[in-house]
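Trainee: The structure is given below, and queries will be raised subsequently.
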Amino acid sequence: MRNIPLIDLTEQYEMIKEELHASIEKVFKSGQFILGQNVKALEEEIAHYTGNKYAIGVANGTDALVLTLDALGIGPGDEVITSPFTFFASAECISRVGARPVFVDIDPQTYCLDVRQVEAKITERTKAIIPVHIFGQMVDMDPILEIAKKYNLKVIEDACQAIGAAYKGRAAGSIGDAGCFSFFPTKNLGGYGDGGMVVTSNDELNAKIRLLRVHGSPKKYYHECLGYNSRLDEIQAAILRVKFRYLDKWNEARRNKAAIYTQAFKDLPLKTPYEAPYNYHVYHLYVVATTRRDELMGYLKQKGIGCGVYYPLPLHLQPVYKDLGYSKGDLPVAEELCEQALALPLYPELKEEEQQYIIQVVREFFERG
Ligand SMILES: *Cc1c(COP(=O)(O)O)cnc(C)c1O
């Protein structure tokens, strides 16, 4: 019986094992484990890569978002607009600083925030928009920037799934006031533990986030404000610097494999990912949609193919947000997609023969009716 997981990190590890071990060993020998040379170097590399002046390593992608909102002074009484179709952290960060998430439905093609519906949700309390570049595809940013300018709002890109993606040639994380990345192991650039980063070209924001990640402390044992303990580990940074050298190549491999799926499923009653013409999509996940989702999932599992539902419940209907007052039917596109979406295995190391097997099983499912 075949066993192809939704994502497999072991193959990649085997491939770069020597480099990884050498770089980790250097860290051990240096005796420097917090905010050392590797964090600094990775910050410079990612800042340069994304076309930003600064990058600040933090403990995880969620903290990247929380610290950014905090640094921008967003808090109780404020509203922040985001997508209901994303990982919980995209909204959790807003609630965490005491502000209120306001959800706008998604575009039925890109699954990103529907930019045509944003303006109607703006109130006097709105302070920011968090566009989420879902599954590796960027939000249509120009209309977002226009609205932000008109209403004087901050824009924080949740680029946790989109490192390496581009919009009209501009890198994910370089368009808003700040961009947030996650180095969770399964992300396109993943460590062997938690990690995150904020990128920005704003001097003040950079300084504030740097302060916040070390207890609001500009100098040891002097505290200017209440902060966090939220730093990227030196060991993770060393690992990430090795992996970062492969990121573009891995993203290309994801794109090639995505194109193979899309071509192979063309004639099936299966919605394949739409790539907006202005985007360089990096396929963090390859998500198809069908009204027979649960049935297809069962069939794939039975054939030894891992798959996953991203996401089963939109954020506006989460139990924790019942007090926000949303009900079923409020954001129909996101709600419907939650019933139809299914991620198929897609990672740079997925073998051609494995992918052909997956394609064959999916085709079989629809052909036998
Ligand atoms: C992974 C992810 C996060 C959170 O990142 P962590 O590093 O797990 O805290 C936030 N937003 C999105 C869209 C994500 O996919």
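Trainee: About the Cα centre of the chain, what is the dipole size in debye to 20, counting +1 per Lys and Arg Cβ and -1 per Asp and Glu Cβ, all else neutral?
Mentor: 440
Trainee: Step through the residues of region 248-253 one at a time and calculate ³J(HN,Hα) from phi using the Karplus curve (6.51 cos²θ - 1.76 cosθ + 1.60, θ = phi - 60°), rounding each to whole Hz and writing x for Gly and Pro.
Mentor: Along region 248-253, the couplings run 4, 5, 5, 5, 4, 4 Hz.
Trainee: Okay, next question. Give the percent of DSSP beta bridges with both residues in region 19-177 that are antiparallel, rounded to the nearest 5.
Mentor: Restricted to region 19-177, the bridges split so that about 20 percent are antiparallel.
Trainee: Taking amide hydrogens as modeled 1.01 Å from N in the peptide plane, which residues meet the under 5 Å criterion relative to Thr86, leaving out close sequence neighbours?
Mentor: Here the answer is Leu315, since their amide H atoms fall under 5 Å of that of Thr86.
Trainee: Considering only the other residues whose Cβ falls under 11 Å of the Cβ of Phe135, what net charge follows from Lys and Arg at +1 and Asp and Glu at -1?
Mentor: Local net charge: 0.
Trainee: Hand me the trypsin sites (Lys or Arg not before Pro) from region 1-48 located in a DSSP loop with no more than 12 other Cβ atoms within 10 Å, in residue order please.
Mentor: Arg2
Trainee: Find the Rg to Rh ratio for the chain, where Rh is the Kirkwood radius over alpha-carbon pairs and Rg uses the same atoms.
Mentor: 0.97
Trainee: Considering only DSSP beta bridges with both partners in the chain, what is the antiparallel share in %, to the nearest 5?
Mentor: Counting only bridges with both partners in the chain, antiparallel ones make up about 60 percent.
Trainee: Please state, to two decimals, what the Cα-based radius of gyration of region 1-112 comes to when divided by 2.2 N^0.38 Å (N = residues).
Mentor: For region 1-112, the normalised Cα radius of gyration is 1.46.
Trainee: How long, wide and thick is region 83-175, going by the Cα atoms along their three principal axes, in whole angstroms, largest first?
Mentor: 33, 27, 25 Å, listed from the longest principal axis down.
Trainee: Return the inverse of the average 1/r over all pairs of distinct C-alpha atoms in region 68-121, which is the Kirkwood hydrodynamic radius, in Å to one decimal.
Mentor: Kirkwood radius, region 68-121: 11.6 Å.
Trainee: In whole Hz, what ³J(HN,Hα) sequence does region 297-314 give by Karplus (6.51, -1.76, 1.60; θ = phi - 60°), x for Gly and Pro?
Mentor: 4, x, 5, 4, 4, 4, 9, x, 10, x, 8, x, 9, 10, 10, x, 9, x
Trainee: Please give the peptides 260-270, 161-171 ranked by average Cβ packing (other Cβ atoms within 10 Å per residue), highest first, as a rough proxy for protection.
Mentor: 161-171, 260-270
Trainee: Would you grab the residues whose amide H sits under 5 Å from the one on Ile106? Only those 5+ places off in sequence or on another chain, please, with H modelled 1.01 Å from N.
Mentor: Asp114, Val333, Ala334
Trainee: Still on this model: Normalised by the residues of region 33-187, what does the relative contact order come to in percent, with Cα pairs under 8 Å and at least six apart?
Mentor: Over region 33-187, the number comes to 21 percent.
Trainee: Taking every pair of alpha-carbon atoms in region 212-269, give the share separated by more than 13 Å as a whole percent.
Mentor: 74
Trainee: So what are the ³J(HN,Hα) numbers for region 324-338, from phi and the Karplus equation (6.51, -1.76, 1.60; θ = phi - 60°), rounded to whole Hz, Gly and Pro as x?
Mentor: 6, x, 7, 10, 4, x, 5, 10, x, 5, 4, 5, 5, 4, 4
Where a number appears in this text, it was derived from the coordinates with a stated rule and is not lab data. Just so you know, these numbers come straight off a predicted model, no measurement behind them. Using ideal geometry, Cβ is built from the backbone for each residue, glycine included, and neighbour counts are taken over all protein chains shown.
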